[in-house]
Structure formats: structure tokens, C-alpha cells
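Engineer: Got a structure here, written out as C-alpha cells. Questions coming.
Read the figures in this text as sums done on the coordinates, not as results from a lab. Predicted model, so just to flag it, every value in this text is computed and none were measured. Heads up, the Cβs are rebuilt from the backbone with ideal geometry, glycines too, and the neighbour counts pull from every protein chain shown.
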There are 2 protein chains.
Amino acid sequence: MYVILVYDIGEKRVGKMLKLCRQYLNWIQNSVFEGDITEVKLKELQQRAKSIMKVEEDSIIVFKSRDLKWLEKEIVGKEKNELTNFL
Amino acid sequence: MYVILVYDIGEKRVGKMLKLCRQYLNWIQNSVFEGDITEVKLKELQQRAKSIMKVEEDSIIVFKSRDLKWLEKEIVGKEKNELTNFL
């Protein structure tokens, strides 16, 4: 399953959330991740994310697609490269 | 065509970009928009966005799907409602 995950997280919690999401997905923009993930791993990620979030303030949106071929991606402007990915 | 648009824009330019994107798509999270849009309208939006952006600092990612049925959305935490949409 291919997913796009976007979060809007309070500054105090954003570092933890970034670290968590990068264990499961590729970081492609400030608060955006994408990648192939199983349903089980996604559930695990969401559970762990909930323990970090303040549900009344923060939010996470996950878009799921059964297949990457149904999604086309276009980037305008600065692209995150592998290097910044590892900083 | 169904699209998800996510931007990462410098604070000085973010107000303009928000206003622009809301003319074309639904605002669903801080820097995330979604909606049905034609290829022509999307090109127009991207052109106008480029005139606002600093391409060496900002970025916009657009995920396109020919059909909404191939995308499933899950939200954890606070959801933007219609009211905040109009603030």
C-alpha cells in the first residue's frame, strides 16, 4: 500500500513526530512523508503517533492508495534530496 | 482529476499562497489542500504559485490521482471544519 502522510503538530512535539515518521516513511517535505507500508505497520505508526500528539491541537492526515501507479507527483521549487534526508 | 497539494512556504509568503490555493482547492490542514480540478486549472494555479514562491526556498508538491476512488483518507486528531475554513 502506498501512503502520503501529512502532519500539523505543535512545535514542542514536532521533533519526536518527525523521528517517528522517518522510521516508517520517506520524508519529502517539511511535514510530508510518503512510501510503501503494510496495513499493520501503518496501524503501528498511527498508534505511536497518537501517543505523541495532542489530539485537540494536532492532526495527521494519511492518504492511502493501493497502488503507486494511480498517483503522480509533481514538485515545484526546492526538492528535499537524500542528503538533507540524513541530516 | 483529484489532487492533493502540500506547500512549504516561507512565512512572509504563506498568506498569499493560502489565499491563492483556496481559490482552487479545499483547505484541509495547515498547508494541505485537496480537491477536484482540471488539468488546465491546475496549470494556472501552479503558474500563479510560482510567481509567489521563492523557488530556492519554497516548495509545492502536487499528488494527482485520476480518480478519487483510488485514494482513501484517514484523519487522526483535530479536523479542519467548514467554519475554520471560512475564517
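Engineer: Taking the Cβ of A:ILE61 as the center, what net charge do the other residues with Cβ under 12 Å away carry, scoring Lys and Arg +1 and Asp and Glu -1?
Structural biologist: Here the count lands on -2.
Engineer: Suppose only helical runs count, i.e. DSSP H with n ≥ 4. What mean residue ellipticity at 222 nm does that imply for chain A under -39500 (n - 2.57) per run, divided by all residues and rounded to the nearest 500 deg cm²/dmol?
Structural biologist: Details: 3 runs with 30 residues, N = 87.
It lands at -10000 deg cm²/dmol.
Engineer: On to the next question. Sort A:SER65, B:SER51 so that the residue with the fewest other Cβ atoms within 10 Å of its own Cβ comes first and the one with the most comes last. All intermediate terms of the calculation are to be shown ahead of the outcome.
Structural biologist: Numbers: A:SER65 17, B:SER51 8.
Going from sparsest to densest Cβ surroundings: B:SER51, A:SER65.
Engineer: Using the Karplus curve 6.51 cos²θ - 1.76 cosθ + 1.60 with θ = phi - 60°, what ³J(HN,Hα) values do you get for each residue of segment B:11-24, in whole Hz, with x for Gly and Pro?
Structural biologist: 3, 5, 9, 5, x, 4, 5, 4, 4, 4, 5, 5, 6, 10
Engineer: Let me ask you something else. Count the net charge of all other residues whose Cβ sits under 13 Å from the Cβ of A:GLY35, scoring Lys and Arg as +1 and Asp and Glu as -1.
Structural biologist: Its environment carries a net charge of +2.
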